[in-house]
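Single-structure report; data block below.
The values are calculated or read from the model by the stated rules, or taken from the named source; none is laboratory data. Just so you know, these numbers come straight off a predicted model, no measurement behind them. FYI the Cβ positions are ideal-geometry reconstructions off the backbone, even for glycines, and counts take in every protein chain you see. Side chains are part of the model used for accessible areas, which takes the heavy atoms of the whole protein and leaves out ligands, DNA and RNA. Shrake-Rupley method; radii C 1.70, N 1.55, O 1.52, S 1.80 Å.
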Amino acid sequence: MTHRLRRCHISVPGSNEKMLLKSTKLDVDVVIIDLEDAVAPSEKENARNLVTELLQRETWRAPTVSVRINALSSEHCYQDILHLIDHNGAAGSRPQTLILPKTQRSSDLLFVDQLLLQIEARRGLSQATGLEALVEDATGMLNVADIATACERLETLIFGMGDFAASQRINTLNIGDQGGYIGDLWHYPRYRLIMAARAHGLEPVDGPYANFKDATGHAADCTAAKYLGMTGKWAIHPDQIAPITTCFSPSLEAVAKARAQHAAYQAALAQGLGAVSVDGVMVDQASIKLAAPLLAQAALLGL
Ligand code: COA
Ligand code: MG
């Protein structure tokens, strides 16, 4: 699977040329161009044409550009795929990944996978388009372990809490908000999705927090998602990019601690010991496994 930085993914409505042009300059790991819920039903075709044209003309600062296509239940899905992948020529003008919304079972992804396989074969495309699954209703969440096994090009499972809340009739009106619930409203679905993703080598990604003026609530939401094991999170506004990117980057303090544990463990091994005390904390092979992803990300970011 292609390795990508996936701390912050900002969504941009595919019908808004001004925001799309602005997104080319954003310092962010992933830009998601949305053809689904942020595009009015009357604008679906215009948005698809605009996005196809901009992908050919513009280059993005973000290393990854993804497009959220329309769901299989709409009449737009196959047209989105044809326009974005089949009709789009050079590798640079095709999105690196397609995001399938409202994924309910692995066969949903298989349909898209097979369509992409045919297009890639017919067009002789050597660079396969990645696929991402938004899991965002009760059916999808019940089937998430099956969804995770769908196909090789699948890169992420994304938790979409807005549609999920609607599907389960959770009592909240702001996407991502806890709605006054005592406890963590998103703990169970996040945990379930993260487990399915990690068990199959996929990256779990958290959906957005719609109240972009509420920096405190947003920060708490990012932290909760990160603690449970999410790789990154969606943003819906440029102001959310910096807090999300910082939250999902390793802190220098954590990197220093992980490096100290690693060094002490290696020294212990050289003496034939499998466990050692570092600042009063036991460190053994499991601790080294805990620190490994953090150290890998630090290396990738040049920390
Ligand atoms: N991508 C790129 N630029 C964005 C942006 C986004 N997602 N959201 C806002 N901006 C730009 C605005 O165009 C504005 O630019 P300007 O200063 O050059 O005029 C600037 O950032 C400040 O925006 P602001 O005035 O605070 O917000 P707004 O009222 O223009 O937009 C939203 C608010 C919610 C409509 C907008 O952020 C948005 O459409 N977000 C994405 C929605 C989406 O993709 N939803 C589907 C996925 S969940
Ligand atoms: Mg949704």
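Rounded to a whole number, what % of the accessible area of segment 8-247 do carbon and sulfur atoms account for, probe 1.4 Å? After summing per-atom areas, the C and S share lands at 53 percent. Among the chymotrypsin sites (Phe, Trp or Tyr not before Pro) in segment 233-288, none sits in a DSSP loop with a Cβ that has at most 10 other Cβ atoms within 10 Å. Protein heavy-atom accessible surface, 1.4 Å probe, per residue over the chain: 48 Å². Residue 5 contributes about 50 Å² of solvent-accessible surface, heavy atoms of the protein only, 1.4 Å probe. What pairs from 44/213; 25/226; 226/257; 18/44; 22/44 go past 23 Å between their alpha carbons? Going by Cα-Cα distance, 44/213; 25/226 fall outside the 23 Å limit.
Remark on the chain: 8, 77, 151 stand apart, with no other cysteine beta carbon under 4.7 Å. Available extension along the chain between residue 40 and residue 125 is 27.4 nm, counting 0.36 nm per residue and deducting the alpha carbon span. Split the accessible area of segment 252-301 by element, probe 1.4 Å, and carbon with sulfur accounts for 62%.
For the pair residue 279 and residue 3, the difference between a 0.36 nm per residue extended length and the Cα-Cα distance amounts to 96.0 nm.
Computed from backbone phi with θ = phi - 60° and the Karplus coefficients 6.51, -1.76 and 1.60, the 3J(HN,Hα) list for segment 206-215 is 8, x, x, 10, 6, 7, 6, 8, 9, 5 Hz; x is used for glycine and proline.
When only the Cβ of Lys, Arg, Asp and Glu is charged (+1, +1, -1, -1), the dipole of the chain relative to its Cα centre reaches about 600 debye. The modelled label-to-label distance between residue 211 and residue 260, using points 7 Å beyond Cα along the C-beta direction, is 3.8 nm. Each of 106, 245, 166 was scored by the projection of its Cα onto the charge dipole of the chain, and the greatest displacement toward the positive side belongs to 245; charges sit on the C-beta of Lys, Arg, Asp and Glu.
Out of 191, 78, 227, any idea which swings most in a Gaussian network model of the chain, alpha carbons joined below 10 Å? Fluctuation is largest for 227.
Distance between the pseudo-spin-label points of residue 114 and residue 223 (7 Å out from Cα toward the beta carbon): 4.8 nm.
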